[in-house]
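No lab work stands behind these numbers, since they all come straight from the coordinates. Remember, predicted model here, so these are calculated numbers, not experimental data. Don't worry about glycine lacking a Cβ; one is built from the backbone with ideal geometry, like all the others, and counts go over all protein chains shown.
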Amino acid sequence: MSVRRLADEQVQPGEFKFSRANASWAKKKIKDFPKGREASAVIPLLMRAQEQEGWVTRASIEHMADLLEMPYIRVLEVATFYTQFQLKPVGTKAHIQVCGTTPCMLRGSEDLMKVCRKKINREQFETNEAGTLSWEEVECLGSCVNAPMVMVFKDTYEDLTPERLEEIIDLFEAGKGAEVPVGPQIDRISSAPVGGLTALTSDPNVKRKAGKSKSTKPKAAQVAASSTDDKPAKKTTAKKPKTTKPKAPAKKPSVETAAGLDDKNRPQGMERPAEIDDLKQISGIGPKIEGILHDLGIFKFAQISKWKKAERDWVDGYLRFKGRIERDEWIKQAKTLAKVGAKGGTND
């Protein structure tokens, strides 16, 4: 991996300040850690700063160090170590991270990099002419089974071919990144085998036929017979174990069925208002998810804060999050952000 350094001084802003909503969020996040261990909040705070500014600036690093009472060098070490942090301005619509570790390299990641050089820029971290797209090569992104792969913002796109990556880049450039399905880009479920199941393929409800033993004598009877010449041992019969027919597993509704657009539990949307909230201020919502929520008519923190359990389950299923809304506490975050906006401040 190449050495990661901060951007040149001429592009560095003079200062950094969290928005009112993000400042409130940061204060709460720091309290999640024990007293004396507040420095553990450095990664989520840097990520929130990047989501606000688009990249991690020198001023934001110094701000985090002052906020957490850490030496500047310690925060700089974190920001330069993790490739999730962008140290210079990147594409406003998509910054594509191409995995170049061995499994992806063996499966064609070099061809994916050629696509990025052709469609974006020959050099890494340099944007296209419009400033909307950029790319870089990174170390392992954690989907080795589905190699080769790339990451855009917080989402991964796997099982790629050069042709498919070109299509994805064009969609992000056109502002339609939300239309690209996350994960495998082929007919594969998560990381299941491409050719279908190779084990546990038999029907569990079919009884096995009992096989016949070569000897009709139980093993204990054979030993007894061989140890006595005058009297053979009495035959014993082994008791057959009772077999119970396993119950067929209950059928669960598919995600598509559970999260149909006409489902009664779908949250009520609204027409796009003149002023909308920045839903990306909710931890767990990136540009792609924000676009999907907009398509569903969700534009305000107040809307999300009023979701009941059935509505949360519907959105969770529609986004295929598997409990992420509860884990990231969207409702709680939305209530806090809605209150901040209601007190007269902006949500920008």
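To the nearest 0.05, how large is the calculated FRET efficiency for Glu271 and Val182 if R₀ is 25 Å and r is the Cβ-Cβ distance?
E between Glu271 and Val182, to the nearest 0.05, is 0.35.
With the cut-off at 30 Å, tell me which of the pairs Lys28/Lys264; Lys88/Lys339; Lys93/Lys114; Lys28/Lys119 have Cα atoms farther apart than that.
Lys28/Lys264; Lys88/Lys339; Lys28/Lys119
State, to one decimal in nm, how far the label point of Glu123 lies from the label point of Glu69, with both points 7 Å from Cα in the Cβ direction.
With each label placed 7 Å out from Cα toward Cβ, I get 4.3 nm.
Grab the Cα-Cα distance for Lys322 and Leu106, subtract it from 0.36 nm times how many residues apart they are, and report the gain in nm with one decimal.
Additional length available on full extension: 74.6 nm.
Go ahead and run the numbers for FRET between Thr161 and Ala23, Cβ-Cβ distance against an R0 of 51 Å, rounding to 0.05.
The computed FRET efficiency comes out at 0.70.
Please compute the length gained on full extension between Val3 and Asp295, using 0.36 nm multiplied by the number of residues separating them and subtracting their Cα-Cα distance.
Contour length minus the Cα-Cα distance gives 101.1 nm.
Counting only the backbone N, which residues of region 6-46 are under 14 Å from the spot 7 Å out from the Cα of Phe81 toward its beta-carbon?
What the label zone holds, given the 14 Å backbone N cut-off, is 39-44.
Show me, for region 78-85, the HN-Hα J-couplings you get by feeding each phi into the Karplus relation (A = 6.51, B = -1.76, C = 1.60, θ = phi - 60°), rounded to Hz, glycine and proline as x.
My calculation for region 78-85 gives 5, 5, 8, 7, 8, 6, 5, 9 Hz in order.
Could you give the length gained by full extension between Lys306 and Ser202, i.e. 0.36 nm per residue of separation minus their alpha carbon distance, to one decimal place?
Gain on stretching Lys306 to Ser202: 32.8 nm.
Under a plain spin-label model, where a point goes 7 Å from the Cα along Cα-to-Cβ, how far apart in nm are Ala130 and Val145?
My value for the distance between the label points is 3.7 nm.
Please list 3J(HN,Hα) in residue order for region 86-93, calculated via the Karplus relation 6.51 cos²θ - 1.76 cosθ + 1.60 where θ = phi - 60°; whole Hz, with x for glycine and proline.
Result, rounded to whole Hz: 8, 9, 8, x, 10, x, 6, 9.
Would you mind checking the pairs Lys29/Lys332; Lys154/Lys288; Lys31/Lys332; Lys118/Lys288; Lys27/Lys332 and listing those with alpha carbons more than 19 angstrom apart?
Lys118/Lys288
Lys300: which aspartates and glutamates have alpha carbons under 12 Å from its alpha carbon, excluding same-chain residues fewer than 8 sequence positions away?
Partners found: Glu271, Glu275, Asp277, Asp278, Glu290.
For region 1-78 and region 79-97, what is the centre-to-centre distance using only Cα atoms, to the nearest Å?
That distance is 14 Å.
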